[in-house]
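Encoded as structure tokens, the structure appears first; notes follow it.
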Amino acid sequence: MIWDTHAHLDDKQFKMDRDIVLQRARDAGVRTIINIGHSEATSQESVELATKYTFLYATVGIHPHDAKDCNEKTWMLLERLAQNPKVVAWGEIGLDYYRDLSPRDVQREVFIQQLELAKESGLPVVIHNRDAHGDVLKIITENPTGTGGVFHSYSGSWEMAKVLLDMGYYLSFSGPLTYKNARHTVEVAAKMPEDRFVVETDCPYLTPEPYRGKRNEPAYVREVVNKLAEIRGISFEKAAQLSTANAKKLFKI
Ligand code: NI
């Protein structure tokens, strides 16, 4: 049984066939899916999906891309949504200096604000970090939530991974682990302790091999588990069992 800890099933790419996609996930052994909010609208949709499907859970949060659209009303809405029993984390939040879709000072302000809200609500955090390692480390060090959390779709160095693991964070692997150029990510997946990794799809994005080029979906999380098992020299079942046990601890489900 596998958990997909990071999916965007509210995405318009799933509008026509979401029920079929979810059935394929069930048939592939995906027992639980965490649907990730990244804006006001998608946080609300995540909670609606989690209310509709028993095996789905939700998170609420504002992605750095959407940081520029936040105001006091945003925080009131998210705080209210976070009280829903199916909401298991705050995120995805963080910094994205690769696409820079919001000004960097606004991204930092909105990230800090949400670490505070996660702390108040007692929820673990789901962190997005792209080309912003230094600032992300500084901000999470200065603003501890005490609730734990995960670095989603981790693709940084082993040096950075060691710092995050020491701070108690989990690391999540996704489709890029299966790509040919994933040298750093493979190194981290091989060296990290077995009680701290989880797996995800980030669907509809980051499709793993051999489906690269197609829309991603939760059933394909098997390919990430398969690769993780191969890298660590353990069976598929063992990799699935470990990542599931870790996800349960991380999200306290
Ligand atoms: Ni995502």
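Below are the figures for this structure:
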{"read-out": "Any pair with Cβ under 6 angstrom, 6 or more apart, that starts in region 27-45 at a residue that is touching a residue at least 12 places away in the same chain (Cβ under 8 Å) and ends at one that is part of a loop (DSSP other than H, G, I, E, B) and more than 15 Å from the ligand (Cβ to nearest atom)", "value": "G29/M1; R31/M1; T32/F55"}
{"read-out": "Members of region 47-71 found to be touching a residue at least 40 places away in the same chain (Cβ under 8 Å) and either farther than 17 Å from F14 by Cβ or within 16 Å of the ligand (Cβ to nearest atom) (or both), listed by number", "value": "L49, L56, Y57, T59, G61, I62, H63, P64, A67, C70"}
{"read-out": "Members of region 83-99 found to be out of contact with any Phe, Trp or Tyr (no Cβ under 7 Å at 6 or more places or on another chain) and crowded, with 24+ Cβ neighbours inside 10 Å, listed by number", "value": "W90, G91, E92"}
{"read-out": "L95 within 24 Å of Y169 (Cα to Cα), within 16 Å of the chain's Cα centre (by Cα) and either within 16 Å of the ligand (Cβ to nearest atom) or assigned to a helix (DSSP H, G or I) (or both)", "value": "yes"}
{"read-out": "Residue, surrounded by the fewest Cβ atoms within 10 Å (Cβ to Cβ), within region 190-208, restricted to residues that are within 14 Å of the ligand (Cβ to nearest atom) and farther than 13 Å from N35 by Cα", "value": "Y205"}
{"read-out": "First in region 123-149 and closer than 16 Å to L250 by Cα and among the hydroxyl-bearing types (S, T, Y), second anywhere and within 16 Å of the ligand (Cβ to nearest atom) and not in a loop (DSSP other than H, G, I, E, B), Cβ under 9 Å, 6 or more apart", "value": "T145/W90; T145/V125; T147/A89; T147/W90; T147/V125"}
{"read-out": "Selected residue (only one of I127, I62 is buried (at least 17 other Cβ atoms within 10 Å of the Cβ), closer than 15 Å to S46 by Cβ and touching a Gly at 6+ places or on another chain (Cβ under 9 Å))", "value": "I62"}
{"read-out": "Filter pass, A161 being away from the ligand (no atom under 16 Å from the Cβ), part of a helix (DSSP H, G or I) and more than 30 Å from L117 (Cβ to Cβ)", "value": "no"}
{"read-out": "Counted residues, region 1-41 - those being of a type outside the set (S, T, Y), within 16 Å of the ligand (Cβ to nearest atom) and in a loop (DSSP other than H, G, I, E, B)", "value": "7"}
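No lab work stands behind these numbers, since they all come straight from the coordinates. Predicted model only: the values in this text are computed from it and were never measured. When we count neighbours, we look across all protein chains shown, and the Cβ atoms used for this are built from the backbone with ideal geometry, even at glycine.
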